[in-house]
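Peer 1: Quick one: structure below, then a few questions.
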Amino acid sequence: MSNVTSNPDVPEGVSLPIYMDNHATSPMDPRVLEAMLPYFSVKFGNAASRNHSFGWEAEQGVEQAREQIARLIGATAKEIIFTSGATESNNLAIKGIAEMYRERGNHIITQVTEHKAVLDTCKRLEKYGYRVTYLPVKADGLIDLDDLRRAIDDKTILVTIMSANNEIGVIQPVAEIGNICHEKGVIFHTDAVQAVGKIPVDVQAMNIDVLSLTAHKIYGPKGVGALYVRRRNPRVQIAAQIDGGGHERGMRSGTLNVPGIVGLGKACAIAQEEMATEAVRLRAMRDHLRARLEAELDYVEVNGSWEHRLPGNLNMSFIYVEGESLLMGINDVAVSSGSACTSATLEPSYVLKALGLGDDVAHSSIRFGLGRFNTMAECDYVADKVIGIVKKLRELSPLYEMVKEGIDLSKIEWAAH
Amino acid sequence: MAYSDKVVDHYNNPRNVGTLDKSSGEVGTGLVGAPECGDVMRLQIRVNPETQVIEEAKFKTFGCGSAIASSSLATEWVKGKTVAEALEIKNTDIVKELALPPVKIHCSVLAEDAIRAAIGDWKKKNGVAEAEAVATH
């Protein structure tokens, strides 16, 4: 890639490029890597080998991880099923429940800002005769609990609502949703990929029946995730989607990814220890970044609820500046945009559109995802860069000029192309 | 996405950024694209009424790096050309010069549209100006 801008002076405490896209994935914590390493070499056994020490050693690593994960979310070790990641966990949960409870009903409730791993799975089930209700979200990104209550009928078998959104970081009222589902006797699954390890998640207190999580969003390795499946009050059954050796209580066959699982366990253990202090630190950095951007730029908007938001998330639109051009100007900072130009589909973010934002605002959005290894000095560097580039691009923006002249852009007849 | 060096150069050092007086009879303004599509280009030309040569060109663009580069390049290319010559600039020339990938071809199309719109405005304006002059006398 060509070097877009040179950086003659890089301040203390900043090493370039800066990674600030922790909702996409996170760097591995060195402590996680250290825990994993023996399982690539000397402890290479198959956790399903029951007859020798190699197998026992691997199994021990797996069972410790199961404990660590369970502890972080208030579950028991037996309720943790290992998968290849959250996409598989979501598929297994939704398809497995749909199949298992087909006799009871065919109605599933989800909401519009879910990850595609949930939405596309639901769409596929619609082809197979299931009925899916996609709840809308309010302008702040939260669902309306009354909408949920009204949507549940006697054919509803599953409610699947994410804990926290990957783009806008908005946290859904999970405990309230869990209560409603338990009152109505409907299974509640939550995609908690962005929430686990970042904010407190307790499957008992929140009445969560099934929960998806993944390692690589919490400073663990890619390619390993888990599904929590409740064993009592009520006992949830899931039809396997991958058949084979009957691993994971028959719910997910396949030789276990032992190093990955050990890494996921370690990542959960670290999160449990450090989550509270880390959240305070992330929130302080995130708030500082927002304050600086708002102090020096006009026409900026935070997308989604500020109150119900992950500590490390800042999603902002820099109106009258297109997102990809902004990213191009800060190419030593890794963030992402809801602009169509940055997406594979050439459509602007469906999450932002679901909040009722215009496409033009979605095109102008940037997601800053702060994580464990970001520093305050980096936030200042990023703020300086973004402020500089936004000002430069607005000098170039006909829209900004027109608005400054008092022209109402909505009154112009734009030629769509 | 990797950008070509030429796109990066136009992005870092856009040529002919600015605004011409759109009420002037010598100035044609083309405003193309739409905010909801993620790109809007405004290209303006000032035409010598005697020679029909485009003596000045300015642009402002809301859009991705390739859109900025396409319009910046368009201003460079139209300058010094007659109106008739400028109309011969094709989006494919822009694609080639900037090495735009397929997903960015629409940026070049928009730049060609902007040139045509600016020239169209200038032509219309001069027609309109004459008609008004007749009407008031």
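Peer 1: What is the one condition in (1) within 12 Å of chain A (Cβ to nearest Cβ); (2) part of a helix (DSSP H, G or I) that residue B:58 does not satisfy?
Peer 2: (2)
Peer 1: What number of residues in the stretch A:110-130 are open to solvent by 50 Å² or more (accessible area, probe 1.4 Å), of a type outside the set (Asp, Glu) and under 23 Å from residue A:349 (Cα atoms)?
Peer 2: Step one: of the stretch A:110-130, the residues open to solvent by 50 Å² or more (accessible area, probe 1.4 Å) are A:115-116, A:120, A:123-124, A:126-128.
Add one more test, that the residue is of a type outside the set (Asp, Glu), and what stays is A:115-116, A:123-124, A:127-128.
Then keep just the ones that are under 23 Å from residue A:349 (Cα atoms); that gives A:115-116, A:123-124.
Of the residues in the stretch A:110-130, 4 are open to solvent by 50 Å² or more (accessible area, probe 1.4 Å), of a type outside the set (Asp, Glu) and under 23 Å from residue A:349 (Cα atoms).
Peer 1: Same structure again: Do any residues in the stretch B:109-121 that are touching a residue at least 40 places away in the same chain (Cβ under 8 Å) and of a type in the set (Val, Ile, Thr) have Cβ atoms under 6 Å from those of residues that are surrounded by fewer than 21 Cβ atoms within 10 Å (Cβ to Cβ) and part of a helix (DSSP H, G or I), where the two are at least six apart or on different chains, and which pairs are they?
Peer 2: Pairs that qualify, where the first residue is touching a residue at least 40 places away in the same chain (Cβ under 8 Å) and of a type in the set (Val, Ile, Thr) and the partner is surrounded by fewer than 21 Cβ atoms within 10 Å (Cβ to Cβ) and part of a helix (DSSP H, G or I), are B:119/B:83.
Peer 1: Give the residue that is farthest from the other protein chains (Cβ to nearest Cβ), with candidates limited to residues of the stretch A:300-323 that are open to solvent by 10 Å² or more (accessible area, probe 1.4 Å) and closer than 16 Å to residue A:393 by Cα.
Peer 2: Of everything passing the filter in the stretch A:300-323, A:300 is farthest from the other protein chains (Cβ to nearest Cβ).
Peer 1: Cβ-Cβ distance below 9 Å, separation of 6 or more or different chains: which pairs start in the stretch A:70-85 with a residue that is of a type in the set (Lys, Arg) and end on one that is open to solvent by 10 Å² or more (accessible area, probe 1.4 Å) and at pLDDT 95 or above?
Peer 2: Note: pairs meeting the criteria are A:71/A:77; A:71/A:269; A:71/A:272; A:78/A:66; A:78/A:231.
Peer 1: Considering each residue of the stretch B:32-48, count those that are more than 24 Å from residue A:331 (Cα to Cα) and more than 7 Å from every other protein chain (Cβ to nearest Cβ), and give that number.
Peer 2: Within the stretch B:32-48, residues that are more than 24 Å from residue A:331 (Cα to Cα) and more than 7 Å from every other protein chain (Cβ to nearest Cβ) number 6.
Peer 1: Given the conditions (1) out of contact with any strand residue (DSSP E or B) (no Cβ under 7 Å at 6 or more places or on another chain); (2) modelled with pLDDT of 95 or more; (3) facing another protein chain (nearest Cβ under 9 Å), report the number of the one that residue A:355 does not fulfil.
Peer 2: Only one criterion is unmet by residue A:355, namely (3).
Peer 1: Which condition number does residue B:90 fail, the rest of (1) in contact with an Asp or Glu (Cβ under 7 Å, 6 or more places away or on another chain); (2) more than 8 Å from every other protein chain (Cβ to nearest Cβ); (3) surrounded by 16 or more Cβ atoms within 10 Å (Cβ to Cβ) being met?
Peer 2: (3)
Peer 1: Which pairs have Cβ atoms under 7 Å, sit 6 or more apart or on different chains, and link a residue in the stretch A:92-115 that is aliphatic (A, V, I, L, M) to one that is open to solvent by 50 Å² or more (accessible area, probe 1.4 Å) and not in a loop (DSSP other than H, G, I, E, B)?
Peer 2: A:112/A:134
Peer 1: What is the number of the single condition among (1) more than 16 Å from residue A:110 (Cα to Cα); (2) surrounded by fewer than 24 Cβ atoms within 10 Å (Cβ to Cβ); (3) not basic (Lys, Arg) that residue A:178 does not meet?
Peer 2: Tallying (1) more than 16 Å from residue A:110 (Cα to Cα); (2) surrounded by fewer than 24 Cβ atoms within 10 Å (Cβ to Cβ); (3) not basic (Lys, Arg), residue A:178 fails exactly one: (1).
Peer 1: Would you pick out the residues in the stretch A:301-334 that are farther than 23 Å from residue B:12 by Cα and either more than 21 Å from the chain's Cα centre (by Cα) or part of a helix (DSSP H, G or I) (or both)? Give the steps one after another, and end with the answer.
Peer 2: Start the filter on the stretch A:301-334 by keeping residues that are farther than 23 Å from residue B:12 by Cα, which leaves A:301-316.
Matches in the stretch A:301-334: A:301 only.
Peer 1: Is it the case that residue A:378 is within 13 Å of another protein chain (Cβ to nearest Cβ) and either assigned to a helix (DSSP H, G or I) or surrounded by fewer than 22 Cβ atoms within 10 Å (Cβ to Cβ) (or both)?
Peer 2: On the way: within 13 Å of another protein chain (Cβ to nearest Cβ): no; either assigned to a helix (DSSP H, G or I) or surrounded by fewer than 22 Cβ atoms within 10 Å (Cβ to Cβ) (or both): yes.
So residue A:378 fails the test.
Peer 1: Can you name the residue in the stretch A:280-299 that is touching a residue at least 60 places away in the same chain (Cβ under 8 Å) and closer than 17 Å to residue A:388 by Cβ and is also surrounded by the most Cβ atoms within 10 Å (Cβ to Cβ) among such residues?
Peer 2: The qualifying residue surrounded by the most Cβ atoms within 10 Å (Cβ to Cβ) is A:289.
Peer 1: For residue A:372, indicate whether it is open to solvent by less than 30 Å² (accessible area, probe 1.4 Å), away from chain B (no Cβ under 14 Å) and at pLDDT 95 or above.
Peer 2: On the way: open to solvent by less than 30 Å² (accessible area, probe 1.4 Å): yes; away from chain B (no Cβ under 14 Å): yes; at pLDDT 95 or above: yes.
In short, yes.
Peer 1: Within the stretch A:394-408, track down each residue that is within 8 Å of another protein chain (Cβ to nearest Cβ), within 25 Å of residue A:290 (Cβ to Cβ), assigned to a helix (DSSP H, G or I) and open to solvent by less than 30 Å² (accessible area, probe 1.4 Å).
Peer 2: Listed by number, the list holds a single entry, A:399.
Peer 1: Same structure again: Picking from B:75, B:51, which residue would you name as being away from chain A (no Cβ under 11 Å) and modelled with pLDDT under 95?
Peer 2: Numbers: B:75 fails: modelled with pLDDT under 95.
When all the criteria are applied, what remains is B:51.
Peer 1: Residue B:38 passes all but one of (1) open to solvent by less than 60 Å² (accessible area, probe 1.4 Å); (2) out of contact with any Asp or Glu (no Cβ under 6 Å at 6 or more places or on another chain); (3) within 18 Å of residue A:396 (Cβ to Cβ); which number fails?
Peer 2: (2) is the only condition that residue B:38 fails.
Peer 1: Looking only at the stretch B:7-31, which residues are open to solvent by 20 Å² or more (accessible area, probe 1.4 Å) and at the interface with another protein chain (Cβ under 8 Å from one of its Cβ atoms)?
Peer 2: Scanning the stretch B:7-31 gives B:12, B:14, B:17, B:19, B:31.
Peer 1: For residues in the stretch A:131-169 being acidic (Asp, Glu) and outside any helix (DSSP H, G or I), which is surrounded by the fewest Cβ atoms within 10 Å (Cβ to Cβ)? Quick ask: steps written out before the conclusion?
Peer 2: Kept after step one, since they are acidic (Asp, Glu), are these residues of the stretch A:131-169: A:140, A:144, A:146-147, A:153-154, A:167.
Now narrow it down to the ones that are outside any helix (DSSP H, G or I): A:140, A:144, A:153-154, A:167.
Numbers: A:140: 15, A:144: 14, A:153: 13, A:154: 9, A:167: 25.
The qualifying residue surrounded by the fewest Cβ atoms within 10 Å (Cβ to Cβ) is A:154.
Peer 1: Residues being within 16 Å of residue B:91 (Cα to Cα) and part of a strand (DSSP E or B): count how many of those fall in the stretch B:61-77.
Peer 2: 0
Peer 1: Exactly one condition in (1) of a type in the set (S, T, N, Q); (2) open to solvent by less than 20 Å² (accessible area, probe 1.4 Å); (3) out of contact with any Ser or Thr (no Cβ under 7 Å at 6 or more places or on another chain) is not met by residue A:277; state its number.
Peer 2: Here residue A:277 clears every test but (2).
The values are calculated or read from the model by the stated rules, or taken from the named source; none is laboratory data. These figures come from a predicted structure and were not determined experimentally. Cβ sites come from the backbone with ideal geometry, for glycine too, and all protein chains shown count toward neighbours. Protein only, heavy atoms only, side chains kept; ligands, DNA and RNA dropped before computing areas. Shrake-Rupley method; radii C 1.70, N 1.55, O 1.52, S 1.80 Å.
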